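Since the structure comes first, as structure tokens, the remarks are kept for the end.
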Amino acid sequence: RSRTNAGLALELINRTEMANRLDAFVLLFVTAWEQLLKADLEHREPGSIFTGATSPMGRQITIGLPTALERAFPSRTDPMRRNIEVLKDLRDGAAHLLVPEVTGIASRYFQASILNYIERFQGLAEEPPFRFEGTGLLTLGVAYESPHLELLRARHGQSAAEVKALIEKLEEDARSAGNQQ
């Protein structure tokens, strides 16, 4: 299931005509990461992903992504963990801010996460998650200029300052992490 969600995320991010492709990507790709990390934990320690509680429908409840991240990447400074946490934050709190102007900086995190995912998946499954038949994963953005607040105001009205703050936070985190993001 993780492989399927990651593949769907890649398909959606590459559909440039889709207005909500960024939020669709983070929703699916964070889910793919959560499923992969839980599969890895379950492989290493059977039963370790279950909390012991059951849902109202009688299903076993599994640990959440934060717990899976802690167990898979004990160091809070691990670049792979930090990258997944950024995507999770975009999914949880900033999906409404994933507008076209965020694409330039967000795509850097997405690209790193895709490459990290492939590495982690191959390490667990001993096969690549996708068939690569001469095609790329995602267009690499090499030229990026942070949009000005005036432009954001013209396009997004009252949410412009919040969009700009998100962009600046992503830029600062990327700078402080160097090439590790």
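Just so you know, all these numbers are worked out from the coordinates, no wet-lab data involved. As the structure is a prediction and not an experimental result, all values here were calculated from the model. When we count neighbours, we look across all protein chains shown, and the Cβ atoms used for this are built from the backbone with ideal geometry, even at glycine.
Rounding to the nearest 10 and keeping the result within 0 to 90°, find how far the Cα-based axis of helix 103-125 lies from the longest principal axis of the chain.
Roughly 20 degrees, rounded to the nearest 10.
In degrees, nearest 10, range 0 to 90: what is the angle between the Cα axis of helix 21-44 and the longest Cα principal axis of the chain?
20 degrees
Taking trypsin sites (Lys or Arg not before Pro) as candidate sites, keep only those in a DSSP loop with at most 14 other Cβ atoms within 10 Å, then name the longest stretch of the chain containing none of them.
Formally, the longest exposed-site-free interval is 77-130.
Please compute the net charge surrounding ALA32, taking Lys and Arg as +1 and Asp and Glu as -1 over other residues with Cβ under 13 Å from its Cβ.
+3
For a test of the definition: using alpha carbon positions, the gyration tensor, and the 1.5 limit on a/c, classify the range 63-103 as rounded, prolate or oblate. Don't skip to the answer; put the middle values down first.
On the way: a/c = 4.48, a/b = 1.99, b/c = 2.25.
It comes out oblate by the Cα gyration axes.
By how many nm would the segment from ASP78 to ARG44 lengthen if fully extended, with 0.36 nm per residue of separation less the alpha-carbon distance? Present the calculation step by step, with values, prior to reporting the outcome.
On the way: separation 34, 0.36 × 34 = 12.24 nm, distance 2.00 nm.
That works out to 10.2 nm of additional length.
Given R₀ = 25 Å, FRET efficiency for ASN14-GLU119 by Cβ-Cβ distance, to 0.05?
Numbers: r = 20 Å, r/R0 = 0.82.
The calculated FRET efficiency here is 0.75.
According to the square roots a ≥ b ≥ c of the eigenvalues of the Cα gyration tensor, what is the shape class of the range 19-102, taking rounded for a/c under 1.5, prolate for a/b larger than b/c otherwise, and oblate for the remainder? Mind showing how you got there, number by number?
Values: a/c = 2.67, a/b = 1.54, b/c = 1.73.
Oblate, because a/c is 1.5 or more while a/b does not exceed b/c.
Quick check on the chain: helices-only [θ] at 222 nm, where DSSP H runs of length 4 and up contribute -39,500 (n - 2.57) each and the sum goes over total residues. Nearest 500, please.
On the way: 7 runs with 108 residues, N = 181.
Helix contribution divided over all residues of the chain: -19500 deg cm²/dmol.
How large is the dipole of the chain about the Cα centre if only Lys and Arg carry +1 and Asp and Glu carry -1, each at its Cβ, rounded to the nearest 20 debye?
Details: 21 positive and 24 negative charges, 53 e Å.
Computed charge dipole of the chain: roughly 260 debye.
Find, among the GluC sites (Glu not before Pro) in the range 11-101, those assigned to loop by DSSP (not H, G, I, E, B) with at most 12 other beta-carbon atoms within 10 angstrom.
Numbers: sites: GLU11, GLU17, GLU34, GLU42, GLU70, GLU85, GLU101; in loops: GLU17.
Those that pass, being in a loop and sparsely packed, are GLU17.
Find the relative contact order for the chain and round it to a whole percent, using C-alpha pairs within less than 8 Å whose residues are 6+ positions apart. Walk me through the numbers before you get to the answer.
Details: 168 pairs, mean separation 38.9, N = 181.
Averaging sequence separation for qualifying contacts and normalising by length gives 22 percent for the chain.
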